[in-house]
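Novice: Below: one structure in structure tokens.
The values are calculated or read from the model by the stated rules, or taken from the named source; none is laboratory data. Bear in mind that the values here come from a model prediction, so they are computed numbers and not experimental data. All Cβ positions, even for glycine, are placed from backbone atoms using ideal geometry, and neighbour counts span all protein chains on display.
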Amino acid sequence: MAGPTVDVVLPCLNEFGALPWVLARMPHGYRAIVADNGSTDGSAHVAAELDATVIRESRRGFGAAAHAGLLATTADFVAFCDCDGSLDPSGLPALLAPVMAGTADLVLGSRQRQRGSWTFHARSANHVLAWWLHGRTGEAITDLGPMRAARRSDLLTLQLEDRRSGYPLEMILKASLRGWRIIELAVVYAPRTGKSKVSGTALGTVRAVRDMSAQLRAAAPVAAAGPVRSLPGSEAQP
């Protein structure tokens, strides 16, 4: 049998209530890889019962789960999506289209919020980080959100290292420094199911900003030297 067209990485921590809806919205030919990050509510069992591929990552952190999911992919194309019901996987083909057509290397979903979907402190922090990112790279990025798409082989060359909340920003920074064509497409952002573990509280937002700010500081010396097509040690991971 032919493998999946696209592997969709779904970092997961206690998303029992949202998983049935999310997995039911997965497009045909797209394989859901649920990277369980220590759920205690039976999320992994639910995902397996609904025919998702489930992997377990014991090290806590969004980046830890996301990267474990990436390393488990086998399809040529990879997408990332939250599995809390705030983002609709049925919109992933539109996000993948420019990558598959060869007109973009990384496509980001720019969240268009619905009422009650995004706390003020999380939204404000996102805008500030996007502004800092633009200052470092010149990329016209408005959102550092979790829905994104790229070729698997390209993603592996980035050698992403952050295992906490800085993972999404590290991906954009390293892609930009390598001269990738990065674009944004609008995606609907609805209220999530259950309570957020990252940006739903002020403390969670502070931690996310801290992790992402560290990525920006680390990238500053390289960005000052100008964009590069390849950085030392950019060989693909196994």
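Novice: For segment 123-133, state whether one or more residues are closer than 22 Å to Leu10 by Cβ and not in a loop (DSSP other than H, G, I, E, B). Give the derivation first.
Specialist: Taking segment 123-133 as the starting set, the residues that turn out to be closer than 22 Å to Leu10 by Cβ are 126.
Then drop every residue that is not not in a loop (DSSP other than H, G, I, E, B), which leaves 126.
Yes: segment 123-133 contains one or more residues that are closer than 22 Å to Leu10 by Cβ and not in a loop (DSSP other than H, G, I, E, B).
Novice: With the requirement that a residue be under 24 Å from Pro191 (Cβ atoms) and within 14 Å of the chain's Cα centre (by Cα), what does segment 70-87 give you? If you could, list the steps in order and put the result at the bottom.
Specialist: Kept after step one, since they are under 24 Å from Pro191 (Cβ atoms), are these residues of segment 70-87: 79-87.
Residues satisfying the conditions are Ala79, Phe80, Cys81, Asp82, Cys83, Asp84, Ser86, Leu87.
Novice: If only one of Ala101, Ala94, Ala75, Ala64 is among the hydrophobic types (A, V, I, L, M, F, W, C), within 21 Å of Arg181 (Cβ to Cβ), touching a Lys or Arg at 6+ places or on another chain (Cβ under 7 Å) and surrounded by fewer than 23 Cβ atoms within 10 Å (Cβ to Cβ), which one is it?
Specialist: Ala75
Novice: Mind checking which residues of segment 49-69 are in contact with a Pro (Cβ under 7 Å, 6 or more places away or on another chain) and not in a loop (DSSP other than H, G, I, E, B)?
Specialist: The answer is Phe62, Ala65, Ala66, Gly69.
Novice: Further, regarding this structure: Give segment 171-185 a look and list any residue that's touching a strand residue (DSSP E or B) at 6+ places or on another chain (Cβ under 8 Å) and under 16 Å from Leu156 (Cα atoms), or say none.
Specialist: Met171, Ile172, Ala175, Ser176, Trp180
Novice: From Ala94, Ala47, Ala35, grab the single residue that is touching an Asp or Glu at 6+ places or on another chain (Cβ under 8 Å) and closer than 26 Å to Leu173 by Cβ.
Specialist: Result: Ala35 is the single residue among Ala94, Ala47, Ala35 that is touching an Asp or Glu at 6+ places or on another chain (Cβ under 8 Å) and closer than 26 Å to Leu173 by Cβ.
Novice: Restricting the search to segment 148-168, which residues are crowded, with 21+ Cβ neighbours inside 10 Å and touching a Ser or Thr at 6+ places or on another chain (Cβ under 9 Å)?
Specialist: Leu155, Leu158, Ser165, Gly166
Novice: Write out, first by first residue and then by second, each pair whose Cβ atoms fall under 8 Å of each other, whose residues are 6+ apart or on separate chains, and whose first residue, in segment 93-109, is under 11 Å from Ala79 (Cα atoms) while the second is assigned to a helix (DSSP H, G or I) and β-branched (Val, Ile, Thr).
Specialist: From segment 93-109, the pairs are Leu106/Val99; Leu106/Ile172; Val107/Val99; Leu108/Ile172.
Novice: Continuing with this model, one more query. If you take the residues in segment 22-31 that are within 19 Å of the chain's Cα centre (by Cα) and more than 15 Å from Ala75 (Cβ to Cβ), which one is surrounded by the fewest Cβ atoms within 10 Å (Cβ to Cβ)?
Specialist: Arg25
Novice: Of all residues in segment 134-164, which are under 14 Å from Glu184 (Cβ atoms), modelled with pLDDT of 85 or more and assigned to a loop (DSSP other than H, G, I, E, B)?
Specialist: Glu139, Ala140, Ile141, Thr142, Asp143, Leu144, Pro146, Met147
Novice: Can you confirm whether Ser90 is assigned to a helix (DSSP H, G or I), polar (S, T, N, Q) and in contact (Cβ under 8 Å) with a residue 24 or more places away in the chain? Give the steps one after another, and end with the answer.
Specialist: Working: assigned to a helix (DSSP H, G or I): yes; polar (S, T, N, Q): yes; in contact (Cβ under 8 Å) with a residue 24 or more places away in the chain: yes.
So Ser90 passes the test.
Novice: At pLDDT 90 or above, hydroxyl-bearing (Ser, Thr, Tyr) and surrounded by fewer than 16 Cβ atoms within 10 Å (Cβ to Cβ), is that true of Ser230? Full working, then the answer.
Specialist: Working: at pLDDT 90 or above: no; hydroxyl-bearing (Ser, Thr, Tyr): yes; surrounded by fewer than 16 Cβ atoms within 10 Å (Cβ to Cβ): yes.
It is false that Ser230 is at pLDDT 90 or above, hydroxyl-bearing (Ser, Thr, Tyr) and surrounded by fewer than 16 Cβ atoms within 10 Å (Cβ to Cβ).
Novice: So Ser58 ticks every box in (1) crowded, with 17+ Cβ neighbours inside 10 Å; (2) of a type in the set (Ser, Thr, Tyr); (3) closer than 17 Å to Glu15 by Cα but one. Which box is left unticked?
Specialist: Going through the list (1) crowded, with 17+ Cβ neighbours inside 10 Å; (2) of a type in the set (Ser, Thr, Tyr); (3) closer than 17 Å to Glu15 by Cα, Ser58 breaks only (1).
Novice: Could you list, in sequence order, the residues of segment 32-48 that are over 16 Å from the mean Cα position of the chain (by Cα) and assigned to a strand (DSSP E or B)?
Specialist: Of the residues in segment 32-48, the ones over 16 Å from the mean Cα position of the chain (by Cα) are 38-48.
Result: no residue meets the conditions.
Novice: Does segment 59-81 contain at least one residue that is in contact (Cβ under 8 Å) with a residue 40 or more places away in the chain and of a type in the set (S, T, N, Q)?
Specialist: Yes: one or more hits.
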